[in-house]
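Throughout, read-outs are computed from the coordinates displayed, never taken from laboratory work. Everything quoted here is computed from the prediction, not taken from an experiment. Here the Cβ positions follow ideal geometry from the backbone for every residue, glycine too, while neighbour counts run over all protein chains shown.
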Ligand SMILES: [Zn+2]
């Protein structure tokens, strides 16, 4: 399932990418452009704007301003579940699938400590950003595990 977040849902877009969902994020553009993009790419439109939600199908109107509640609504309403095999499979910045890279190849690109303590690294083929499961990952994992979709 492909998703599209409007400009008010940047944090939600980042988290959906962390969960591995193909999520476009429209930073700017009027409603017409947002709808055209969603239609052109076959995406479910996620928005907090009632009028925008009413003007496009399929869309999901989100009431909450809190990213946890937004995420839980998306999972529940679209019948999605957290697939741990897909978590961290996507670049949070540009939505591309990341690729595993040899540790040696990223030696000069990550902090020395991360290089010492980790064996697995991934790179985004689009923006070049390197990912690893750093110290923030424990908190992220706990947050993801605590999501209530039911
Ligand atoms: Zn990227």
Value of relative contact order over the stretch 23-72, rounded to a whole percent, pairs C-alpha under 8 Å and six or more apart = 24
Considering only 97, 126, 73, give the residue with the highest GNM mean-square fluctuation for the chain, with springs between Cα atoms whenever their separation is below 10 Å.
-> 126
Under a plain spin-label model, where a point goes 7 Å from the Cα along Cα-to-Cβ, how far apart in nm are residue 36 and residue 22?
-> 2.2
Tell me, what are the semi-axes, in whole angstrom and largest first, of the equivalent ellipsoid of the chain as set by the roots of 5 times the Cα gyration tensor eigenvalues?
-> 31, 18, 12
With Cα atoms, 0 to 90° folded angle of helix 67-77 axis to the chain main axis | 70
What residue among 87, 106, 67 has the largest mean-square fluctuation in a Gaussian network model of the chain, using Cα springs under 10 Å?
-> 106
Mean residue ellipticity at 222 nm from the helices of the chain, using -39,500 (n - 2.57) per DSSP H segment of n ≥ 4 over the full residue count, to the nearest 500 deg cm²/dmol?
-> -9500 deg cm²/dmol
Helix 31-41 axis, angle to the chain major axis (alpha carbon atoms, nearest 10°) | 60
Within the stretch 1-29, backbone nitrogen closer than 12 Å to the virtual label 7 Å beyond the Cα of residue 143 toward Cβ = 11-19
Where is the GNM fluctuation largest for the chain (alpha-carbon springs, 10 angstrom cutoff): 61, 45, 12?
-> 61
Give the Cα extents of the stretch 1-84 along the principal axes, in whole Å, largest first.
-> 34, 24, 21
So the angle from the long Cα axis of helix 136-145 to the longest Cα principal axis of the chain, reported in degrees to the nearest 10, equals 40
Directionally averaged shadow of the stretch 80-133, computed from the convex hull of its alpha-carbon atoms, nm² = 4.1
